[in-house]
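> Provided herewith is a single structure, encoded as C-alpha cells, for subsequent inquiry.
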Amino acid sequence: MRYSIVGYGAVGRALSRGLQAAGWEAVGVGCTVRGSAVAASLVDDVRTFKLENLPLDVDLLILAVPDAVLEETAKVIAKRDTGPVDPFHKRVVMHLSGRLGLTPLESFLENRWSRLAWHPLQTFVRGVGPDRFNGITIGVTADKDAEKMAWNLASQFNARIWLLKEKDRIRYHRAAVVASNFLPLLVAAAATDLDGIAENEVDAISGLLPLMRGMMQNLEMRPPLDAMTGPVARDDIEALVEHMKVESDTWNREVYLRCTQLLVKFSENMGLMNRERSELWHSILLGYFPKGVIQDGSKP
C-alpha cells in the first residue's frame with residue numbers, strides 16, 4: 001500500500017511511522033512551510049514536497065492538518081489532481097479530525113476519490129511513537145468504498161472502530177473533549193493547592209499521578225458511580241467545609257466548587273444521594289461561590 005501525507009506533526013508523524021513499520025510505502029510528505037515537519041520527515045527518510053508537487057498516485061492520501069485549514073488544503077490539492085492513473089483504482093483521501101466529517105473532502109469527489117474521516121480517540125504530543133495507536137478506538141465516517149481502508153488501517157494497530165453518522169460526530173467529539181481536555185485544568189488546580197508542600201509543580205504532579213492512575217484503574221473495572229471516592233461519595237459535608245477554609249486562587253476555588261456541585265447532582269441523579277442531602281450540599285456550596293459568579297450552573 002502506498003500513501004502520501006500532508007502535515008507531519010504529532011499525529012501525522014506517529015501514524016506515518018506506524019504504517020511504515022507495517023510495510024506501507026511512504027511516497028511523500030506535503031509541507032506548506034519549512035520547519036520541524038520537514039526536519040522530522042528527513043529523520044524518517046521520507047521525501048518532502050510542496051503541495052502542488054505531492055504525488056497522488058497512491059492508495060491513500062492522509063490530510064493530517066488542523067481543522068481550520070482542512071477544507072482549503074483539500075481544495076488546493078484536489079484542484080491540481082488529474083485523476084487516477086488506473087481508472088478502476090479507487091483512491092482514498094482521509095483526514096484525522098474528530099469534529100469534522102466528509103464535507104471538507106468534497107472537492108476530491110470529481111476525480112473518483114473515496115472519502116474517509118478516521119479519528120484516533122487518543123492524545124498525541126510531539127515525539128510520541130506509533131504505539132499510541134495500539135488498541136485504541138477509531139471514530140470513523142466513510143464513503144462506502146472507503147470503509148475497507150478504515151478497517152485495514154485499524155487492523156495495523158489492533159485498534160477497534162466506531163462507525164459514526166455525520167450527525168453524531170459533534171456529540172462524539174464533545175465526549176472526547178470532556179474525557180481528555182479537562183484533565184490538565186484539574187491537575188493544575190490540584191498542583192496549585194500543593195504550593196509550599198511539593199518542591200515545585202513538577203514534583204506536585206509527580207505525586208498526584210499515581211492517584212490519578214489508580215482512579216483510571218478503578219474505571220477500567222467498574223462504572224463511574226462505583227469508582228467514585230472522596231467527600232461526595234461518602235456524603236462528608238464536614239470535609240467540604242474544611243476544604244473551603246483553605247486560602248486559594250479564585251479560579252482554583254471555583255474549579256473545586258463547580259466540580260463538587262456537579263458531583264452532587266450526578267450522585268442524586270444516580271441514586272447515591274437522596275434529595276434532602278443533595279439540597280443541603282447545594283445550599284452550603286452556594287454560600288462559597290465568589291460574588292458575580294453564576295452559582296446555579298444552569299443559566300446566566
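The values are calculated or read from the model by the stated rules, or taken from the named source; none is laboratory data. Predicted model, so just to flag it, every value in this text is computed and none were measured. Every residue, glycine among them, receives a Cβ derived from its backbone with ideal geometry; neighbour counts consider all protein chains shown. The accessibility values were calculated without ligands, DNA or RNA, using every heavy atom of the protein model including side chains. Shrake-Rupley method; radii C 1.70, N 1.55, O 1.52, S 1.80 Å.
> Once amide H atoms are placed 1.01 Å from N in the peptide plane, what residues at a sequence separation of 5 or more from L56, or on another chain, have their amide H within under 5 Å of its amide H?
none
> Then there is this: Specify whether the C-alpha gyration tensor of the chain places it in the rounded, prolate or oblate class, a ≥ b ≥ c being the square roots of the eigenvalues: rounded for a/c under 1.5, otherwise prolate if a/b is larger than b/c and oblate if not.
prolate
> For the chain, what proportion of DSSP beta bridges, expressed in % and rounded to the nearest 5, is antiparallel?
15
> Report E52's accessible area, 1.4 Å probe, all protein chains in place, as a number in Å² to the nearest 10.
The accessible area comes out at roughly 110 Å².
> For the full complex of protein chains and a 1.4 angstrom probe, list I237, I62 by accessible area with the highest value first.
Sorted by accessible area, descending: I237, I62.
> In addition: What distance in nm separates the two pseudo spin-label positions at D236 and V187, each 7 Å out from Cα along the beta-carbon direction?
It is 2.5 nm.
> Working with all protein chains in place, sort W281, W162 by solvent-accessible area computed with a 1.4 Å probe, largest first.
W162, W281
> Residues with beta-carbon under 14 Å from that of F182, excluding F182: net charge, scoring Lys, Arg +1 and Asp, Glu -1?
Counting the neighbours of F182, the net charge comes to +1.
> Right, next: Set the Förster radius R0 to 22 Å, insert the Cβ-Cβ distance between I136 and R258 as r into 1/(1 + (r/R0)^6), and round the FRET efficiency to 0.05.
The value I calculate is 0.15.
> Could you check the spin-label model distance between R126 and W251? Points 7 Å from the Cα along Cα→Cβ, value in nm.
2.3
> If you count only protein heavy atoms with a 1.4 Å probe, what accessible area per residue comes out for the stretch 155-232, rounded to a whole Å²?
71
> For the chain, what is the relative contact order in percent, using Cα pairs closer than 8 Å and at least 6 residues apart in sequence?
In percent, rounded to a whole number, it is 11.
> Right, another one. Restricting to Cα pairs below 8 Å that are 6+ residues apart, what does the relative contact order work out to for the stretch 48-125? Please round to a whole percent.
Averaging sequence separation for qualifying contacts and normalising by length gives 32 percent for the stretch 48-125.
> Setting aside same-chain residues fewer than 8 positions from K144, which aspartates and glutamates have a Cα under 20 Å from its Cα?
Excluding near neighbours in sequence, the set is D59, D86, E106, E110, E166, D168.
> Expressed in nm to one decimal, what extension gain is obtained for the pair Q20 and E106 from 0.36 nm per residue of sequence separation less their Cα-Cα distance?
Answer, rounded to one decimal: 28.2 nm.
> Of all the accessible heavy-atom surface of the chain, with the other protein chains kept in place and a 1.4 Å probe, what percent is carbon and sulfur? Mind dumping the intermediate values first?
On the way: 9240 of 17120 Å².
Here carbon and sulfur together make up 54 percent of the probe-accessible area.
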